[in-house]
Amino acid sequence: MANCSALEQLVDIDNYIALIRNQTNFDEALLLPCQRQICLAIWGEGNPDISGIGVSVGYVIEVGLGFLLGAAVLAVQADRLQRRRRRRRRWWWCRGLDRVLDAALDSFVDCALFFALAVQLASLVMLVQKDLVSVAARGFGANDARIATANSVVCILPLLHPLAACAAAAHEDSDREEDRPPPPVELDERPQRRRHLDRCFEEAKSDTRFALFYLLTLLFFVPFVLQCIHNWGPSRIGDGPTGDGTVVASEAEWGATLRVCFGDVRQFSTAEMAAIAVFELLGSLVVFGFAIGRLSLAALRRSRWRRAVAGVTENLTGSDGRIGVRLSVVLLLVPLVPAVPLLWGIFRLRHIQGKLADRIESPYTGNEWGFGQIIGLVIFAPVLTEARTAWKLRGPGRRRIQDAQGCTATHPP
């Protein structure tokens, strides 16, 4: 008779599989009495802080909002360029829309940065405990680790286009302020000083956001390394020796464990696992490429090749200094390509975890709406409130009325 209490915690997979072999010899009749302990130790019970329903929906909201806001900003920018070329008037429903989208995108960047920071820290702590320091993280198993590596990529990808768009807008405002001729001496200097302070504030805010983004990139490096080890390292399940000459379990032994834990629950196929691994790697390379590219561009702008870099940048972004249509499309679509399949993988893994919990008669907390799950949704509420406020204050006519009434909400002294 197997000692099921000794199989509750998994610290090292090699020792744990050896313990199962010594106690049960992977006989399904002997594995069944310890089904709950073995399945939870190997595959986990679902960590609600990483894969809960509210947090998972938050990933979808982040990806969807990032894409929709980016597409709307791109459409307004293309419409502005088209009107300049053909000298057409703006449609009535477009008046003030760019200000609303700028406010929503600005708020989205702040919300998504701190949401990604929380997700990244939670994923990092759990993955480090499981894979690097060999701490027995009860309830955090192989499926939870797969979800953690996937959402560590997903939470950063929606930031790429909004960060670039906000930085380009701040750069454009700075260029316009520098190119504007100085006002006559007799005019009031307070509006000019206010514009200067606003420009400095926007530049400082952009620098702070990119500092947080690079902090996220540094934190993401550890999950990226563990992701590559899990997805592309040699398999230690099989009948022949692997790259390091060791085998954890044979195909028959591992198959018996899968049948005891999952029964007829459909697992990821080999092709699906390979696709998830490819999209995780692609998304990670996109994040690192964006981070390295911006640092390289900033360094080249300060070098002796700055004139050549300025020419290339103007060709990509346009003469007005704003991020160009072609570059916007790339920054909008490229992060979406890996994000959508990874979201599908996260929800498939959550479904498998729920079926596993039902089979072993264990409570599945991933679908419970707790405190942390509500936060995962409410964190993006400021995007709607900022957009609503900007919509109410849109248009020069509304601004003149506010000034006449002494409104100081948009024009502080």
Looking at the stretch 348-385, which of its residues are part of a helix (DSSP H, G or I) and charged (D, E, K, R)? 348, 350, 355, 358, 359
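Can you work out which of the residues in the stretch 46-58 that are in contact with a Leu (Cβ under 8 Å, 6 or more places away or on another chain) and buried (at least 24 other Cβ atoms within 10 Å of the Cβ) is modelled with the highest pLDDT?
Kept after step one, since they are in contact with a Leu (Cβ under 8 Å, 6 or more places away or on another chain), are these residues of the stretch 46-58: 51, 54, 57-58.
Applying the additional criterion that residues be buried (at least 24 other Cβ atoms within 10 Å of the Cβ) yields 51, 58.
Details: 51: 83, 58: 92.
My answer is 58.
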Hits in the stretch 245-275 - residues which are assigned to a helix (DSSP H, G or I), farther than 22 Å from residue 20 by Cβ and charged (D, E, K, R): 272
Mind checking which residues of the stretch 365-413 are surrounded by 13 or more Cβ atoms within 10 Å (Cβ to Cβ), at pLDDT below 85 and of a type in the set (Ser, Thr, Tyr)? 365
So, in the stretch 267-277, exactly how many residues are of a type in the set (Val, Ile, Thr) and surrounded by 14 or more Cβ atoms within 10 Å (Cβ to Cβ)? 1
What about residue 343, is it under 18 Å from the mean Cα position of the chain (by Cα) and at pLDDT 80 or above? yes
Does residue 168 meet the test of being at pLDDT below 80, closer than 18 Å to residue 291 by Cα and not in a strand (DSSP E or B)? yes
If I ask for residues that are among the polar types (S, T, N, Q) and either over 33 Å from the mean Cα position of the chain (by Cα) or more than 26 Å from residue 349 (Cβ to Cβ) (or both), which ones from the stretch 1-36 would you list? 3, 5, 15, 22, 23, 24, 25, 35
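Test residue 132 against the stated conditions and say whether it is among the aliphatic types (A, V, I, L, M) and modelled with pLDDT of 75 or more. Lay out the reasoning, then the answer.
Details: among the aliphatic types (A, V, I, L, M): yes; modelled with pLDDT of 75 or more: no.
Against the criterion (among the aliphatic types (A, V, I, L, M) and modelled with pLDDT of 75 or more), residue 132 does not qualify.
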Can you work out which of the residues in the stretch 37-55 that are under 13 Å from residue 363 (Cβ atoms) and in a helix (DSSP H, G or I) is nearest to the chain's Cα centre (by Cα)? 48
Looking at (1) surrounded by 19 or more Cβ atoms within 10 Å (Cβ to Cβ); (2) at pLDDT 85 or above; (3) over 21 Å from residue 330 (Cβ atoms), which one does residue 112 not meet, given that it meets all the others? (3)
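The values are calculated or read from the model by the stated rules, or taken from the named source; none is laboratory data. These numbers come from a predicted model, not from an experiment. Backbone-built Cβ (ideal geometry, glycine too); neighbour counts: all protein chains shown.
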